[in-house]
Amino acid sequence: MKSVWRQPLFLIGFGIVAFFLGGSYVFEWIFGNVPKQTFFIEENGRAVEGPPISPSWMHPLGTDQFGYDMLAKIMLGAKYTILAAMAVAALRMLIAIPLGFVIGTYFQRQRTWINALIDPIHYVPMTIFAVLLLTPILWMPEEGFSTTINERIIFQVIIMALITVPIVATLIGNEANLLYHQEYILAARTLGASRRRIIIRHLTPQLREKMLVLYGQQVVESLIIFAHLGLLQLFLGGTDVDYDPMFGDPPKSISFEWAGIFGNSFQYLQGAPWLPLGPAVSFAIVILAIAAMIEGYTRAMNGKVKLTKRKKMAFVSDETIEWNQQQLKSKLILLKKDMTASK
Amino acid sequence: MKGFFKWVVQFVVALISILLISGAPQLITGFQKGELLWEEYIETLQFHMKSLWDFRDLSVDYYIGRGEVRQVPVFPQLFENISYSLQLLFLALAAAIIIALIGTFITMLLSEKSRSRVKLIFYFLESFPDILIILLAQLTVVVIFQQTGVLVSKIAVIGDDKIYWLPVLCLMILPMIQLYRLSMLTFEAEERQMYVELAKSLGFGKAFILFLHIFRNAIISVFFQSKKTMWFMLSNLFILELMFHIPGIMYYMSENLSGILFLVTVLSFFLPVFLLYSLGEWYFIRRMSRGGAAL
C-alpha cells in the first residue's frame, strides 16, 4: 500500500478531497455554520450593488440572491455531499460484494439467466427511479415532515444504495466467475479447497483492487445522482416546501449541501452565472479528484496483487530470484535491440 | 427457439418489475409512518394495470401552477413529446458512435506514446459531470450572444418550436467520450491478436488492417459493452430536458411524478431501446456463430 502514496495522481486527488472535507469542518469551527450575509456593497456612501453580488475579493464566488456568501455555503455544504456520496457507495458495495460472490460461486449455472434478467435495468434511466422512490421521503408534505432529518438522510442513502445493487452485484459475480476459470483456482479445487476457502483466499485478494476502483466509480455516480436530484428540487435530507399560495418561498434545502445550492440557483444562470457555476464546478472538482485517485491507485497496483501473509514456498532465496529476473531482463533488452537493429 | 423463449421471459420479467416499482412510493410513504400499506399498494398496482390496459384513453395529471390539475392524454399529445425526446436520444447516440469510432481510428494510427497521453486526457474528460457541460454550453451561447449579438442556438425552448443541435451536442459529448475509451480498449486488445501480426507480416498497411480486420471484430465487443453508455445517456437526457426546458416527456415528470406517468415514461424508453439492443444482440450472435468473426 505504501506505493499508492508515491503516485502523484493519487496524492493530488486525495489532497483535494481532504481539502474539501477537512476544510468544511475547519470552516464551520472558525466561522460558525451561518454564512456571512451582505445586503449591499457601498462605494463612497452609495449602494452600488445588491444581492446577488458578483464575485469580488470580498466574496470570491459572489453571493446568492439573499446576500449569503457562496464560498461559505459551498465550504459548509461540502461535508454533507461528499460524506453522503461515500456512504451510498460504501453501503452499495457492502451489499453487492457478498451477493456477487454468491452469484459467482454458487449460482454459476444460473448465471446466464441472472444476467439476462438484470440486463433490462440498463434501459431504465436511474435518475427517474431515484426520483420516484425518493419523492415521498424528501418532498415535504403540506402538514410538514413526520420524520427527522437524520432519518431522512438514512432513508435516502439506503434507497440510493439499493437502486443499483443488482447491476453492481452481477458485475462482481461475472468478475468472480472469470476467476473460476483460472488455472490456479482449478488446481485449488482439485486439491480439495472448499468454496468458502476459495472465496476467502483467492477471490477476495484477487478482486480487492477491482473492488476499490469500483467503489470510487460508485462514489462518482452517487455524486452525479445527487446533482440530478438537486435540479429536481429533491435535496439531501429533505426539501423544505413553502405551501403559502401567495408569497411562497422557493423550495429550500435544509442544509447547505451542494445539490440544494445547485438546484436552487440554476434558474439564475443568465443573470448571475456564478450562482449555479460555483456548486457545479465544485461537483466537477471533487469528481475529477476521485477519478485521479482511481487512476493513481490502478497505476500503483498494476499487476500487483496483495496477498495475506503466508509461509514462504520458494525453494531458492530471494537474491537468487532477483538475480534471475535481472538476467532475464537484460537478455530481453538485448534481444529487443537486436530485433530493432535487424529491421 | 431457446433464445426466443429466453427473450420473452426477460421481457416479461422486466415489465413486471417496472410495474411493481411503479407502486413503491405507496409502500415508502407507509413505511415512514411505521405501517405497511400492502392493500393500498396492491390497489395502486391494479389501478395502474387497468389504466395501461386501455391505453388509448390513458392520461396523466399535469399541474399548472399551484394545485390546478389538467388531464393530458397520452395519445396523441404526450406521444408527441415522447417522440421528440426519442429523436434527441437517437440523434445523439448516432453522433456519439460515429465520432467515437472516427476518433478511435485516428488515435490507433498514432504512435504508442502519444496514444497513452490522449487516453489519459480522455479519462479525465470522461469524469466531467453532465450538469457542468450543459451549464458551460449554455453560458457559452449567452456570452457569444452578449459579445457579438449572434444567437448561435436557443438555450431554452419557448412555445412550440423545437431546438435540436445544441441539446444533441450536449447530450452527445459524454457518451462519445465513454464510447471512445471503450472502443480504444477493445481495439487495442484486438491489435495484440495473432491474426493482426500475420496481416502485418504479409505487408498490409496499418490503416487497411485496422479498417478491414480489427474493426469488424472489435465492433461486436463494443456493442455488447455499450449498454452502460446507453444507461448513462438516459439519465443525461432527463437532466438535459430540464435544463433546456425541452417539452419532452421529462418535462411532465419534473412537475409531478405519479405512478402512471412513471410507467409511461419508463416504458416509452424501455421498449424502443430494449428492442434495438435485442435485435443487435441477435444479429451479432448469429454472425459470431456462423464463424464470421471471432470474439
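The values are calculated or read from the model by the stated rules, or taken from the named source; none is laboratory data. This one's a predicted model, so the numbers in the text were calculated from it and none came from an experiment. Heads up, the Cβs are rebuilt from the backbone with ideal geometry, glycines too, and the neighbour counts pull from every protein chain shown. The accessibility values were calculated without ligands, DNA or RNA, using every heavy atom of the protein model including side chains. Shrake-Rupley method; radii C 1.70, N 1.55, O 1.52, S 1.80 Å.
Defining a contact as two alpha carbons under 8 Å apart and six or more residues distant in sequence, what relative contact order in percent does chain A show?
Values: 416 pairs, mean separation 83.4, N = 343.
24 percent.
Report, in degrees rounded to the nearest 10, the 0 to 90 angle that the Cα long axis of helix A:274-301 makes with the longest principal axis of chain A.
With rounding to tens, the tilt is 10 degrees.
Trypsin sites (Lys or Arg not before Pro) within region B:190-283: which are DSSP loop residues with at most 16 other Cβ atoms inside 10 Å? Write out the running numbers ahead of the final one.
Details: sites: B:192, B:200, B:206, B:216, B:227, B:228; in loops: B:192.
Answer by residue number: B:192.
Can you give the calculated 222 nm mean residue ellipticity of chain B, where each DSSP H run of n ≥ 4 adds -39,500 (n - 2.57) and the sum is split over every residue, rounded to the nearest 500 deg cm²/dmol?
Theoretical 222 nm ellipticity from helices: -24500 deg cm²/dmol.
Starting from the Cα of residue A:243, step 7 Å along the direction of its Cβ; do the same at residue A:31; then give the gap between the two resulting points in nm.
The two pseudo-label positions are separated by 3.6 nm.
Under the 0.36 nm per residue contour assumption, what length would be gained going from the current alpha-carbon distance of residue B:117 and residue B:198 to full extension?
Once the chain is fully extended between residue B:117 and residue B:198, it gains 26.4 nm.
Roughly what angle does helix B:79-108 make with the longest principal axis of chain B, taking Cα atoms, 0 to 90 degrees, to the nearest 10?
Its long axis makes an angle of about 20 degrees.
Towards the positive end of the charge dipole of the protein assembly as shown, with charges on Cβ (+1 Lys, Arg; -1 Asp, Glu), say which of B:134, A:324, A:38 has the farthest Cα.
With unit charges placed on the Cβ atoms, the residue in question is A:324.
For chain A, which semi-axes, largest first and in whole Å, follow from the square roots of 5 times the eigenvalues of its Cα gyration tensor? All intermediate terms of the calculation are to be shown ahead of the outcome.
Details: eigenvalues 476, 160, 55 Å².
Value: 49, 28, 17 Å, ordered largest first.
Roughly what would the spin-label model give for residue A:83 and residue A:66, points 7 Å off Cα along C-beta, in nm?
Result: 2.2 nm between the two label points.
What's the FRET efficiency of residue A:327 with residue B:50 using the Cβ-Cβ distance as r and R₀ = 56 Å, to the nearest 0.05?
0.10
May I ask you to derive the FRET efficiency for residue A:21 and residue A:211 from their Cβ-Cβ distance with R0 = 22 Å, giving the value to the nearest 0.05? Each step should come with its number before you reach the end.
Details: r = 22 Å, r/R0 = 1.00.
For residue A:21 and residue A:211, the calculated efficiency is 0.50.
How long are the semi-axes of the equivalent ellipsoid of the protein assembly as shown, taking √(5λ) for every eigenvalue λ of the Cα gyration tensor, in whole Å from largest down?
Values: eigenvalues 380, 204, 155 Å².
Computed over the protein assembly as shown, the values are 44, 32, 28 Å.
Give the dimensionless ratio obtained when the Cα radius of gyration of region B:2-53 is divided by 2.2 N^0.38 Å.
Numbers: Rg = 14.2 Å, N = 52, 2.2 N^0.38 = 9.9 Å.
Its radius of gyration relative to the 2.2 N^0.38 Å reference: 1.44.
Taking the Cα centre of each part, how many Å lie between region B:136-201 and region B:1-30?
Between the Cα centres of region B:136-201 and region B:1-30 lies a distance of 33 Å.
Can you tell me the FRET efficiency between residue A:39 and residue A:285 if r is taken as the Cβ-Cβ distance and R0 is 35 Å, rounded to the nearest 0.05?
Computed FRET efficiency for residue A:39 and residue A:285: 0.70.
For region B:87-145, what does the accessible surface come to per residue with a 1.4 Å probe? Please give it in Å². Spell out each step's value before the answer.
Working: 2730 Å² over 59 residues.
Here the residues of region B:87-145 average 46 Å² of exposed surface.
Put a dot 7 Å past each Cα toward the Cβ at residue B:169 and residue B:9; how far apart are the dots in nm?
My value for the distance between the label points is 4.8 nm.
Hey, could you grab the Kirkwood Rh for region B:73-289? Inverse mean 1/r over distinct alpha carbon pairs, Å, one decimal. Don't skip to the answer; put the middle values down first.
Details: mean 1/r = 0.0514 Å⁻¹.
Averaging 1/r across every pair of different Cα atoms and inverting gives 19.4 Å.
What is the helix-to-structure angle for A:8-31, meaning the angle in degrees between its Cα long axis and the longest Cα principal axis of chain A, kept from 0 to 90 and rounded to the nearest 10?
Long axis of A:8-31 versus the principal axis of chain A: about 30 degrees.
Based on C-alpha coordinates, I'd like the Rg and Dmax of region A:1-128, in Å.
That works out to 23.7, 80 Å for Rg and Dmax.
Per residue, how many Å² of accessible area does chain A show with a 1.4 Å probe?
Working: 18440 Å² over 343 residues.
Each residue of chain A exposes 54 Å² on average to a 1.4 Å probe.
With solvent modelled as a 1.4 Å probe, how much accessible area in total do chains B and A shield from it at their shared surface, in Å² to the nearest 100?
4900 Å²
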